[in-house]
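The values are calculated or read from the model by the stated rules, or taken from the named source; none is laboratory data. Just so it is clear, the model here is predicted, and its values are computed rather than measured. Heads up, the Cβs are rebuilt from the backbone with ideal geometry, glycines too, and the neighbour counts pull from every protein chain shown. Accessible surface is based on the protein model in full, side chains and every heavy atom, while ligands, DNA and RNA are left aside. Shrake-Rupley method; radii C 1.70, N 1.55, O 1.52, S 1.80 Å.
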Amino acid sequence: MAVMLVRICRDVSILLNLLRERPAIVFINPHASGGRCRSRLANVRALFTARSFPAEFILTESREEMESRVRAAISAGYRVLLAMGGDGTLQALVNAARKSEVLLGILPAGGGNDFAAALGLPKDPVAAAEMILSGQPRSVDLLRARTADGGERLYVGGGGVGLDAESARYSSGRYKRIPGRARYLAAALHALNKFKPLQVRAEFPGSTLPAVESQVLLAGALNTASYGAGLRLAPDAQIDDGLFTTLFVRNLKATEVLAAIPGLFTRGELPDSYVTRVSATRVRLSCDRDCHFHGDGEILGSAPVEIEVLPRAVQMLAPIKS
């Protein structure tokens, strides 16, 4: 107990030192979770005020605006930067803040919130704020994707080619107002109606891992144990172990898909016989036809795509570990 108290005091001291010259900034995505994010803002503000935690709150209408404002804040000397939204909002924050000496945080208010879950934060943004305002810095991994057009972007949780990339446009469009996991399952079932399985080849440069070639519904690279609001497709993944999980969901018959839906909806799980997993630090995914790669539900570019882990790339505010 005494050791824990010393650690808590030390971590709080670090945070207070960072806030001495500039308050924290919370960048809000008002469109997250179908617009429900905005409705939680007043309660989050009230908590910061009650805790005497100095902070400015900035609404951003697009990814580009958010990243521009984050870079401007860093140039102005702000060192504690938080995102209020989902995994896509956090993705914008980490890309704008990359290679900067800053402390980041996430107040989960999006459709998925899988990275927040991996940090040990509750789904409610007010409860999560309670935890991180008395939390500790934690070094976490990020994934970097280089797509066929030469584009490069960091992402925080799950990414892939195939059915999940095809369904991304539905989850952020037609089904964006459906809360939680149901939104992603509805989008995937919609996309499945016209989807044709991909032939995917995965190579692991710089390692002795053999290449994998398979016909799949999707092939992904996950930093977190789950994506799509708790779909636990990589249950052993950790966000600070210097590895990610490459996974392949084999081509499934319609009857197998229907049989899997209850488990996906209630537990977020697929039978192990449906999935092949490989832990890696780097992978190159290529497909037998043109296809998009998504990261955190955002289309990042086209395959072939190379993904690599950036170990302990950023410092995030996280709950105190017991």
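May I ask for the distance between the Cα centers of the range 32-98 and the range 137-162, given as a whole number of Å? So the two Cα centres are separated by 20 Å. The residues of the range 119-184 expose on average 38 square angstrom of accessible surface per residue, using a 1.4 Å probe on protein heavy atoms. Computed per residue of the chain from DSSP H runs no shorter than four, each worth -39500 (n - 2.57), the mean residue ellipticity at 222 nm is -10000 deg cm²/dmol.
Over the chain, with every protein chain in place, what whole percent of the accessible area is carbon and sulfur at 1.4 Å, could you tell me? Roughly 51 percent, rounded to a whole number.
Using a ≥ b ≥ c from the Cα gyration tensor of the range 131-193 (square roots of the eigenvalues), is it rounded, prolate or oblate, where a/c under 1.5 gives rounded and otherwise the larger of a/b and b/c decides, a/b for prolate? Oblate, since a/c reaches 1.5 and b/c is not below a/b.
Couplings 3J(HN,Hα) for the range 103-111, derived from phi with the Karplus relation 6.51 cos²θ - 1.76 cosθ + 1.60 (θ = phi - 60°), are 10, 10, x, 10, 10, x, 8, x, x Hz, where x marks Gly and Pro.
Sequence gap at least 6, Cα distance under 8 Å: using those rules, report the relative contact order of the chain to the nearest whole percent. Value for the chain: 21 percent.
Counting only residues at least eight positions apart within a chain, or on another chain, the lysines with an alpha carbon under 17 Å from that of LYS194 are LYS253. For the range 91-101, the Karplus equation 6.51 cos²θ - 1.76 cosθ + 1.60, evaluated at θ = phi - 60°, returns couplings of 4, 4, 5, 5, 5, 6, 9, 4, 6, 9, 7 Hz by residue, with Gly and Pro reported as x. Between amide H atoms placed 1.01 Å from N, distances below 5 Å from LEU300 occur with PHE293, HIS294, GLY295, all of them 5 or more places distant or on a separate chain. For the range 15-119, the relative contact order works out to 33 percent when only alpha carbon pairs closer than 8 Å and six or more residues apart are counted. A 1.4 Å probe run over the range 187-310, with the rest of the protein chains in place, finds 46 Å² accessible per residue. For the pair GLU213 and GLU298, a Förster radius of 22 Å applied to the C-beta separation gives a FRET efficiency near 0.20, rounded to the nearest 0.05.
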